[in-house]
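Visitor: Take this structure first; my questions come after.
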């Protein structure tokens, strides 16, 4: 798939079909973008599970924080990535190793790795990169 541009229907279908989101790089700091996006997604009815090894066992916005994707005790529909693009390939590997794989891996703004995307897509996982669900949701869902 070409990730330079996404069809609105593709993004909207992902946002409609997603219920549970693992948010990698979640921050307890309200000034960080990941915190604001997590808050936004929670207010839109998504179940958001924060993932941050430095915050594991604590809570962010009332949600228990896990250290890794593998630590989450339930399946997730989407992995929302607030990590540097250089880590996306490893995140795809982590997602592929889960007993129940997510349907989508979503790289936040500036998070793009086309080789990692091709690997995920070959395994049946949809990819979105260099986009933010908190920007796309109001644009497509309201």
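No value in this document is a laboratory result; all are computed from the given coordinates. Computed from a predicted structure; not experimentally measured. Note that we place each Cβ from the backbone using ideal geometry, even for glycine, and neighbour counts take in every protein chain shown.
Visitor: State which residue is surrounded by the fewest Cβ atoms within 10 Å (Cβ to Cβ) when the search covers only the stretch 84-109 and only residues that are touching a helix residue (DSSP H, G or I) at 6+ places or on another chain (Cβ under 7 Å) and under 15 Å from residue 130 (Cα atoms).
Guide: Checked the stretch 84-109; the qualifying residue surrounded by the fewest Cβ atoms within 10 Å (Cβ to Cβ) is 89.
Visitor: I would also like to ask the following. Are any residues in the stretch 120-142 assigned to a loop (DSSP other than H, G, I, E, B), within 14 Å of the chain's Cα centre (by Cα) and more than 16 Å from residue 40 (Cβ to Cβ), and if so, which ones?
Guide: Correct list: 125, 129, 130.
Visitor: Further, regarding this structure: All but one of (1) buried (at least 19 other Cβ atoms within 10 Å of the Cβ); (2) assigned to a helix (DSSP H, G or I); (3) free of Cβ contacts under 8 Å to residues at least 60 places away in the same chain hold for residue 117, so report the exception by its number.
Guide: (3)
Visitor: Here's another thing I want to ask about it. Testing residue 69 on (1) farther than 25 Å from residue 140 by Cβ; (2) crowded, with 20+ Cβ neighbours inside 10 Å; (3) touching a residue at least 40 places away in the same chain (Cβ under 8 Å), one condition comes back false. Which one is that?
Guide: The failed condition is (2).
Visitor: Looking only at the stretch 120-131, how many residues end up being loosely packed, with under 14 Cβ neighbours inside 10 Å and in contact (Cβ under 8 Å) with a residue 24 or more places away in the chain?
Guide: So the count comes out to 1.
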